[in-house]
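The values are calculated or read from the model by the stated rules, or taken from the named source; none is laboratory data. Worth saying up front: this structure is predicted, and the values here are computed from it rather than measured. Glycine gets a Cβ as well: all are built from the backbone with ideal geometry, and neighbour counts include every protein chain shown.
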Amino acid sequence: MRTGKRTLRVRLVVLGFFSLTVVFGMIVLGSMVLPVFRTPQQAVADAAPPPATPITYKVEQRALKSSVLMRGTVAAGATVDIKPDDALVAASMVVTGLPSTGSNELQEGAALVEVDGEPLIAFAWPFPAYRDIHDGDTGPDVKGLQNSLNALSLPTGTTGVFDWLTQEGVAELYQSLGYPVPRQDATTAQRSSGGAQSSSSGSNSSDTSTARGTPKVYLPARDVVSVPKSASRLTEVPLHVGQKIAADAILARLDGTQNAAIATTTPDRANKVSAGSQGTLTANGDSFPVKVTAVGAAPTDVSGLGNGIRVDLSFTDPKVIPPVTGVGTTVKVEIITGPDTGAGLVLPVTAIYSATDGSTYVVPAGAAGSRIPVTVKENIDGWVELATGSNLREGDTVVLGMENGP
């Protein structure tokens, strides 16, 4: 009897499990099959695009200005060839030493190369050395020397006379470079390994040196190399040890000018730009003020930019100049072509609608059927500035591009 009840219970459990399995399977099958069987109305509704939402824009408070956008690159400045002065050529000197390979900058007061065991010293003078400078000499070369010594924080006079204090500065300069100090007595010039004699009292050091028989310091013209500025990047020294310095020799090549920018644009845009126009160059998120220096007359191929009207630009702040752009990299250039209108409420022109009576208005976002009358003061390059008196404020949101308005 117990065995029969147990068997009946098992059959009921199995039957219940089977029933649940069948019901679950029908539910899964229905979820897969039923979506296929949709009415035509349902199919059309499912295929319809979502309802259109208006494009909006927030009113800005800024100056509206006319400008031309271009693509550009930053190029290295032109190199400057440093050639020997007449005094160096006349001396028929031979290169005996070159700067270290790790040196890539030429500073005023540094030895560019060595000839006949003497240094060729860089001085940022606006003219070449035209004579040896001796005790008591005066002139623009003496003033240039004193300015250079002062910039190097070396002793120097300020009177325009090659006096004992200026001679002491020259002596310290040669000693700092590791070379003998040039000295000359009354009859002959010679090199001395000793330093300059300085005054121990208020008296003139030249008189003391004469009393002791010590030749006075002088500056040979052949030791002076004129460079365009006090610091330049040294790109090349095309000399070799043993080379005789000739008139056509190039002592060094320097990046003598600052980096510049080149841009290209279309002929119609180029017509809006002229030499002297101001603008901004943007590179790596940083902005640099620029000025147009030249505008081409006809399209030409520009390396890295393709074909277009070439526009040359210079950086107006020499202390803030971007590095040369890499190969395949361009920067954005914006040149202002019209007067600054001053700060006002600015919107895209597509935010302005016209009524049948000729008046204009904007549509505030989220206010169906509403209109806010406005008057356009300026219309420049797809942007408008509103005249004062509208009920708009900076940050208000308006609707753009609604066909025929609301």
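Worth a mention:
- Whenever a residue of the range 272-289 is surrounded by 11 or more Cβ atoms within 10 Å (Cβ to Cβ), its partners that are aromatic (Phe, Trp, Tyr), lying with C-beta atoms within less than 6 angstrom and at least six residues away or across chains, give the pairs LEU281/PHE288; PHE288/PHE315.
- Evaluation of SER274 against (1) in a loop (DSSP other than H, G, I, E, B); (2) of a type in the set (S, T, N, Q); (3) within 22 Å of THR325 (Cα to Cα) (one fails), failing number: (3)
- Note on the range 286-326: residues that are farther than 21 Å from LYS65 by Cα and part of a loop (DSSP other than H, G, I, E, B) amount to 17.
- Single residue of GLY109, GLY136, GLY102 found to be part of a loop (DSSP other than H, G, I, E, B), touching a Phe, Trp or Tyr at 6+ places or on another chain (Cβ under 7 Å) and either at pLDDT below 90 or in the same structural domain as ASP223 (by TED's automatic domain parsing) (or both): GLY136
- Identity of the residue in the range 226-263, acidic (Asp, Glu) and within 30 Å of VAL290 (Cα to Cα), that ends up nearest to the chain's Cα centre (by Cα): ASP255
- For the range 169-185, taking the residues that are without any contact (Cβ under 8 Å) to a residue 40 or more places away in the chain, of a type outside the set (Gly, Ala, Ser) and part of a helix (DSSP H, G or I), the one that is nearest to ASP135 (Cα to Cα) is identified as GLU172.
- The lone exception for ALA196 - which of (1) of a type in the set (A, V, I, L, M); (2) touching a Lys or Arg at 6+ places or on another chain (Cβ under 7 Å); (3) at pLDDT below 95 it fails: (2)
- Filtered residue count, the range 380-404, keeping only those that are under 38 Å from the mean Cα position of the chain (by Cα) and either of a type in the set (Asp, Glu) or in a loop (DSSP other than H, G, I, E, B) (or both): 8
- Near pairs, Cβ below 9 angstrom, 6+ apart or cross-chain, from the range 222-234 (exposed (fewer than 15 other Cβ atoms within 10 Å of the Cβ)) to any residue that is among the β-branched types (Val, Ile, Thr): PRO228/VAL80; PRO228/ILE82; PRO228/THR257
- Of all residues making up the range 157-170, the number that are among the polar types (S, T, N, Q) and at pLDDT 95 or above: 2
- Among the residues making up the range 166-186, those that are more than 18 Å from LEU120 (Cα to Cα) and either hydroxyl-bearing (Ser, Thr, Tyr) or touching a helix residue (DSSP H, G or I) at 6+ places or on another chain (Cβ under 8 Å) (or both) are THR166, GLU168.
- Test: LYS377 is at pLDDT below 90 and outside any loop (DSSP other than H, G, I, E, B): yes
- Any hit, the range 273-281, residues being within 30 Å of VAL89 (Cβ to Cβ) and either in contact with a Gly (Cβ under 7 Å, 6 or more places away or on another chain) or at pLDDT 90 or above (or both): no
- ALA283 being under 20 Å from VAL327 (Cα atoms) and not charged (D, E, K, R): yes
- With respect to the conditions (1) over 30 Å from GLY77 (Cα atoms); (2) in contact (Cβ under 8 Å) with a residue 12 or more places away in the chain; (3) part of a loop (DSSP other than H, G, I, E, B); (4) not hydrophobic (A, V, I, L, M, F, W, C), GLY358 lacks only one, and its number is (2).
- Here is the figure for the range 143-169: residues that are closer than 13 Å to GLY109 by Cβ and among the charged types (D, E, K, R) total 0.
- If the condition is being among the charged types (D, E, K, R) and closer than 20 Å to PHE288 by Cβ, then the range 309-357 contributes ARG310, ASP312, ASP317, LYS319, LYS332, GLU334, ASP340.
- Residues of the range 139-168 that are small (Gly, Ala, Ser) and in a helix (DSSP H, G or I): GLY144, SER148, ALA151.
- Tabulated pairs, the range 69-89, first assigned to a helix (DSSP H, G or I), second loosely packed, with under 15 Cβ neighbours inside 10 Å and of a type in the set (Gly, Ala, Ser), C-beta under 8 angstrom, 6+ apart or interchain: VAL89/ALA246; VAL89/ALA247
- Residues being closer than 21 Å to GLY358 by Cβ, surrounded by fewer than 17 Cβ atoms within 10 Å (Cβ to Cβ) and not charged (D, E, K, R) - total across the range 373-389: 7
- Among residues of the range 325-353 that are surrounded by fewer than 15 Cβ atoms within 10 Å (Cβ to Cβ), those with a Cβ under 8 angstrom from a residue that is assigned to a loop (DSSP other than H, G, I, E, B) and not small (Gly, Ala, Ser), sequence gap 6+ or separate chain, pair up as GLY338/LYS65; PRO339/LYS65; ASP340/LYS65.
- Condition met for LYS319 (exposed (fewer than 11 other Cβ atoms within 10 Å of the Cβ) and either under 30 Å from VAL224 (Cβ atoms) or aromatic (Phe, Trp, Tyr) (or both)): yes
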